[in-house]
Amino acid sequence: MANDGKTRSALETLPTCQDVDGNLQDHHRLASQAHVLTELPAPPACTKSSRNHERYLLTVRPFVNDEEYTRLRNLAEEFQGKLGKRLQRYLWVKSWWSSNYVSDWWEQYVYLRGRSPLMINSNYYCLDALLYTPTHLRSARLANFITVLMKFKVDIDTQKLSPRFAMGTAPLCCEQYPRTFSTTRIPQLVQDTIEHYVDAKHVAVYSQGKWYVLNVINAGRQLSPRELQEQIIWIEEASQTDVASPGEADLSAMTAGERSKWAAFRETFFAKGANKHSLKQIEQSLFVAILDDSEPGYDKENPSMLDNYAKTMLCGDHIWYDKSFSIVAFKNGKIGMNAEHAWLMPQ
């Protein structure tokens, strides 16, 4: 796919409350509780009443010798009396015009500026039900899974999801929900960016070393599970004979590496032409689906099966680690998911 210039193509939430005309009531929309969320107050880190530096010294004391502890104590006291007070004032000012003084910094410095590989340092994974599989026919399972995901997306886009609450009482921020789909972390030399593509209508599918475009919306209509299954079967069969472009089979490996190296490689080899177009089909997809021919599961007599299942979902081949989430569909009908973490942070 990387060089031939061609794109292969293959055509319950919580209950809500409606009025007598069937319209969704505003107080049951996903973002309806945003106006009652309280602001996160700035902590008194360096005020006279604060004892944070004392707690810090108690924490580090068991791990350093007397000389090192004396040095750290002097630094803590100096910070508490000088730099800390100035930074505290800056923090208060920021908290006055920000609903959450830490969220943008957390996303920027904890996640996007991290240069370590996402694969084992940031991303997480989910496994399928171990003791039950609705069908062992992969094409049918994946088609139904895509259908359910698309219904969830529609509920997000139309605000039909009920607002989320902690312990059934305290409303939670739901601003991250729209970024569930069509979102990709783009590598940069210093700090990555998160890009959200609102018009995405396809899923990027990997099978037998080749990448395909699976259109899930055609002429404004979402494909039915049966139609999706037919397209997935087409991909399974076509991938047996299609010839992969040089490097296509290992394209996703770049997303598993160090971020600055991936950014430099992307700028050098994917800035124009067929390579740029091909990469765009993956990054701007709703999500990524990988057709894996292994057959994971659970066997109490063979614990290594579950170990290999988890290993495949954490650091398996062909997962696009930059994508908001990737689905792995196995030959025996099992499903797994790997998800990038940064987009999940509420604002």
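Condition first: among the polar types (S, T, N, Q), over 30 Å from D157 (Cα atoms) and open to solvent by less than 60 Å² (accessible area, probe 1.4 Å). Can you find one or more residues in segment 224-236 that meet it?
no
Which residues, counting only those in segment 38-68, are outside any helix (DSSP H, G or I) and open to solvent by less than 60 Å² (accessible area, probe 1.4 Å)? Lay out the reasoning, then the answer.
Kept after step one, since they are outside any helix (DSSP H, G or I), are these residues of segment 38-68: 38-51, 64-65.
Passing the criteria: A42, P43, A45, C46, T47, S50, V64.
Which one of S294, S326 is within 23 Å of D192 (Cα to Cα) and hydroxyl-bearing (S, T, Y)? Spell out how you get there, then give the answer.
Numbers: S294 fails: within 23 Å of D192 (Cα to Cα).
Of the residues listed, the single one that is within 23 Å of D192 (Cα to Cα) and hydroxyl-bearing (S, T, Y) is S326.
How many residues does segment 237-270 hold that are closer than 20 Å to D317 by Cβ and among the hydroxyl-bearing types (S, T, Y)?
4
Could you grab the pairs with beta carbons closer than 7 Å, sequence gap of 6+ or different chains, first residue in segment 236-249 and closer than 16 Å to A329 by Cβ, second one of a type in the set (D, E, K, R)?
Note: pairs meeting the criteria are S239/K210.
Can you give me the number of residues within segment 56-79 that are of a type outside the set (A, V, I, L, M, F, W, C) and under 26 Å from D104 (Cβ atoms)? Let's see the steps before the verdict.
The initial filter retains those residues of segment 56-79 that are of a type outside the set (A, V, I, L, M, F, W, C), namely 56, 59, 61-62, 65-71, 73-74, 77-78.
Right, trim to under 26 Å from D104 (Cβ atoms) and you get 56.
Residues that pass the stated criteria total 1.
I need the full set of residues from segment 177-189 which are open to solvent by less than 30 Å² (accessible area, probe 1.4 Å) and assigned to a loop (DSSP other than H, G, I, E, B), in order please. Spell out the reasoning first.
Within segment 177-189, the first condition is being open to solvent by less than 30 Å² (accessible area, probe 1.4 Å), and the residues that meet it are 180-187.
Result: F181, S182, P187.
Being open to solvent by 60 Å² or more (accessible area, probe 1.4 Å) and within 22 Å of the chain's Cα centre (by Cα) is the filter here; which residues of segment 190-223 pass it?
Hits for segment 190-223 are V190, E195, H196, V198, D199, K201.
Looking only at segment 167-184, how many residues end up being over 22 Å from the mean Cα position of the chain (by Cα) and among the hydrophobic types (A, V, I, L, M, F, W, C)? First the steps, then the outcome.
Here is the first cut: in segment 167-184, the ones over 22 Å from the mean Cα position of the chain (by Cα) are 167-171.
Add one more test, that the residue is among the hydrophobic types (A, V, I, L, M, F, W, C), and what stays is 167, 170.
Of the residues in that region, 2 qualify.
Return yes or no: is G273 under 25 Å from the mean Cα position of the chain (by Cα) and surrounded by fewer than 20 Cβ atoms within 10 Å (Cβ to Cβ)? Give the steps one after another, and end with the answer.
Values: under 25 Å from the mean Cα position of the chain (by Cα): no; surrounded by fewer than 20 Cβ atoms within 10 Å (Cβ to Cβ): yes.
Considered against the rule, which asks whether it is under 25 Å from the mean Cα position of the chain (by Cα) and surrounded by fewer than 20 Cβ atoms within 10 Å (Cβ to Cβ), G273 comes out as no.
Residues in segment 103-126: is at least one more than 21 Å from the chain's Cα centre (by Cα) and among the small types (G, A, S)? Explain how you work it out, then say what you get.
The first filter runs over segment 103-126 and keeps only residues more than 21 Å from the chain's Cα centre (by Cα), leaving none.
No, that holds for no residue.
Kindly check whether there is at least one residue in segment 297-310 that is in contact with a Ser or Thr (Cβ under 9 Å, 6 or more places away or on another chain) and among the hydrophobic types (A, V, I, L, M, F, W, C).
Checked segment 297-310: no residue is in contact with a Ser or Thr (Cβ under 9 Å, 6 or more places away or on another chain) and among the hydrophobic types (A, V, I, L, M, F, W, C).
The values are calculated or read from the model by the stated rules, or taken from the named source; none is laboratory data. None of the values given here were measured: they were computed from a predicted structure. A quick note on method: Cβ atoms are made from the backbone with ideal geometry, for glycine too, and the neighbour counts reach across all protein chains shown. We work out accessible area using only protein heavy atoms, side chains counted, and drop any ligands, DNA or RNA first. Shrake-Rupley method; radii C 1.70, N 1.55, O 1.52, S 1.80 Å.
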